[in-house]
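What follows is a single structure, and I will ask about it in a moment.
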Amino acid sequence: MVDSQVLPTSIIEMVYSARRQVLLILACVAWIEFAIHFSPQIEKFAHDTLAYRSGVSEDIVPVTYGPEDEHSRLLQTLERSNGKWDSSHPRHRLLTALYGFTKYKDGSQSDINRWKDLYKKVPKRQKLLLESAVDYPRKLESISRLLDVNVELASSIADYGLRFYNISQIELDEFIKEAEAQGKRIDKTSVTQGMKHFVRDWAEDGHEERLKTFQCILNSLEQEVRTIDAPLRVLLPGAGLGRLAHEIANLGGFKVTMNEWSAYMNLAYRFLASRPEQNSVSFHPYTDWWSHHATTADLKRSVTFPDQVADASSVVHVEGDFTTVFSGSTGQYDIIVTLFFIDTARNLVSYIENIHRLLRPGGRWINLGPLMYGTGPFVQLSLDEIVALSTRVGFKFRETNADFGEVTVPGLEVRGSEIAYGRNPRGLNKNAFQAQYWEAVKL
Ligand SMILES: C[S@@+](CC[C@H](N)C(=O)[O-])C[C@H]1O[C@@H](n2cnc3c(N)ncnc32)[C@H](O)[C@@H]1O
């Protein structure tokens with residue numbers, strides 16, 4: 001123990017200052033870990049910072065090619081020799097996500113153990129009451145078994161991913177061993193979110209949400225003059241699990257490219273797009289969150305997907321960061337659709353400039369989504385500021401019909417409507433966004 005009485009003041013100050021700095025660093029690390037865990041935007045922020053350092057080259061996407069060519073390009077991008085090997089390398093990010101899906105059992109098991117431990121805190125008399133009234137221990141056991149079904153799904157996603165991305169089990173096992181030796185844990189939230197998007201995009205439970213969300217976009221695109229021989233080129237950045245991209249492709253006369261940065265989403269999409277049969281997979285998406293359920297049967301219910309088979313050959317899926325992966329595609333798209341995407345930007349100005357650059361003159365930007373900024377964006381603009389900035393960049397907002405909703409700000413060609421995102425249709429909570437819809441033409 002240091003006796004502060006006998007030390008000169010400057011040494012005491014140095015000790016206290018060093019201690020303050022260590023505490024500050026520990027606090028920052030804890031905050032960043034928390035934020036990365038709970039916010040995709042922050043995960044992106046961390047990714048951007050790391051990507052800047054590693055200098056991995058994402059080969060530029062040619063425009064007139066199909067899913068097969070994109071698969072070859074992707075495998076090249078994933079080569080270890082492509083750029084510096086660190087946590088922002090595409091293969092490293094993919095292996096990290098594969099680790100998450102492979103070891104999902106650890107995460108879900110720790111949840112159930114925690115709930116069991118918490119139940120132990122209930123006094124004995126109340127336990128007897130709970131057991132006779134609702135058989136709470138049985139609920140814990142049965143949900144533990146249902147979580148195993150989700151674990152199996154996660155493991156199938158990883159297995160398919162290994163084949164799709166041509167990665168050996170040995171390589172993944174070694175990666176996991178090394179990660180665990182360094183004390184790393186899986187990102188359970190990202191795995192859960194990836195799988196929950198099966199409900200939003202590809203299950204009957206998401207039908208109503210999709211109907212309300214997609215309809216105005218599909219109606220607008222349907223009116224475009226186009227032919228099968230000369231299809232219009234549509235790009236959807238931040239496409240998640242791609243249902244809207246596939247719906248647009250189903251309209252006919254559109255050559256659709258979807259893009260997604262998250263390796264978790266990409267693994268889930270690749271698995272989904274490989275399912276040859278309708279409603280052939282089931283899982284229990286609501287078992288990890290016990291709030292807002294009217295009945296325990298609702299909480300436990302299974303959801304099947306895909307409600308429609310996704311034709312993987314009808315959409316080109318380009319993995320990677322939207323702001324860099326299309327650097328060679330200036331003026332190549334007729335339409336860009338951003339769905340619940342623009343507020344994921346670390347730099348919103350870059351997103352808007354990139355959308356403008358990728359469109360041909362006269363091309364159209366269709367946006368639908370909220371303005372829910374993450375924790376680390378460079379700028380956070382209100383709707384009126386986004387319109388002013390986009391106009392300055394070179395867009396003209398055009399009139400849209402009132403089907404979507406009322407004009408949000410008088411004088412601005414933007415409409416708002418209450419739209420849910422990932423809502424449990426039988427849940428007791430009704431969280432929704434006042435999502436904003438606009439169409440803007442590149443001048
Ligand atoms: C809120 S989600 C919306 C997903 C989908 N559009 C939907 O409506 O279900 C935003 C998506 O954008 C992706 N994303 C974020 N930054 C990105 C970037 N720079 N390039 C490509 N995708 C990105 C995220 O991984 C996430 O899947």
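Given a Förster distance of 35 angstrom, what is the FRET efficiency for LYS84 paired with GLN434, based on the Cβ-Cβ distance and rounded to 0.05?
Efficiency, rounded to the nearest 0.05: 0.25.
Return the FRET efficiency for the residue pair PHE397, LEU128: r is the Cβ-Cβ distance, R0 is 51 Å, and the value is rounded to the nearest 0.05. Walk me through the intermediate numbers first.
Details: r = 65 Å, r/R0 = 1.27.
The pair PHE397/LEU128 has a calculated efficiency of 0.20.
Quick check: the angle from helix 188-202's long axis to the longest principal axis of the chain, C-alpha only, nearest 10 degrees?
40
Counting other C-beta atoms within 10 Å, which of THR344, THR189 has the fewest, and how do the rest follow?
In increasing order of surrounding Cβ atoms, one gets THR189, THR344.
How far, in nm, would the chain grow between SER72 and ALA181 when pulled straight, counting 0.36 nm per residue and subtracting the alpha carbon separation?
In short, 35.9 nm is gained.
Something else: Please give the FRET efficiency for VAL409 paired with VAL349, using the beta carbon to beta carbon distance and R0 = 22 Å, rounded to the nearest 0.05.
On the way: r = 21 Å, r/R0 = 0.93.
Here the calculated transfer efficiency is 0.60.
For LYS396, go through the lysines and keep the ones whose alpha-carbon is under 22 Å away, minus same-chain ones fewer than eight residues off.
By straight Cα distance, LYS396 reaches LYS442.
Loop only per DSSP, at most 12 neighbouring Cβ atoms within 10 Å: give me the trypsin sites (Lys or Arg not before Pro) in segment 82-162, ordered by residue number.
Taking segment 82-162 and a limit of 12 other Cβ atoms within 10 Å, the loop trypsin sites (Lys or Arg not before Pro) found are LYS84, LYS121.
Return the subset of LYS124/LYS184; LYS212/LYS255; LYS84/LYS196 for which the Cα-Cα distance in this structure is over 30 Å, preserving the input order.
LYS124/LYS184; LYS84/LYS196, as the Cα separations exceed 30 Å there.
Evaluate the relative contact order of the chain (contact order divided by residue number), counting alpha-carbon pairs under 8 angstrom at least 6 apart; express in whole percent.
17
Ratio to report: Rg/Rh of the chain, with Cα atoms as the point set and Rh obtained by the Kirkwood method; give two decimals.
1.01
Then there's this: On a C-alpha basis, how far is the centre of segment 82-125 from the centre of segment 338-388 in Å? Whole number, if you could?
That distance is 32 Å.
Please compare each pair in LYS105/LYS188; LYS103/LYS300; LYS103/LYS188; LYS139/LYS300 to a cut-off of 20 Å on the Cα-Cα distance and tell me which ones are over it. Spell out each step's value before the answer.
On the way: LYS105/LYS188 9 Å; LYS103/LYS300 22 Å; LYS103/LYS188 9 Å; LYS139/LYS300 9 Å.
Check vs 20 Å cut-off fails for LYS103/LYS300.
Calculate how steeply helix 124-134 sits against the longest principal axis of the alpha-carbon atoms of the chain, using the helix alpha-carbon long axis, and give the answer as 0 to 90 degrees to the nearest 10.
Relative to the chain, helix 124-134 is tipped by roughly 30 degrees.
Further question: For the chain, set up a GNM with springs between Cα atoms under 10 Å and report which of ILE186, ILE352, ILE228 has the largest fluctuation.
Between ILE186, ILE352, ILE228, it is ILE228 that shows the largest mean-square fluctuation.
A further question follows. Run through the DSSP bridge list for the chain and note the antiparallel percent, rounded to the nearest 5.
55
Rule-based calculations on the coordinates, nothing more; no lab input. The structure displayed is predicted, hence computed values, not measured ones. Cβ atoms come from the backbone with ideal geometry, glycine included; neighbour counts cover every protein chain shown.
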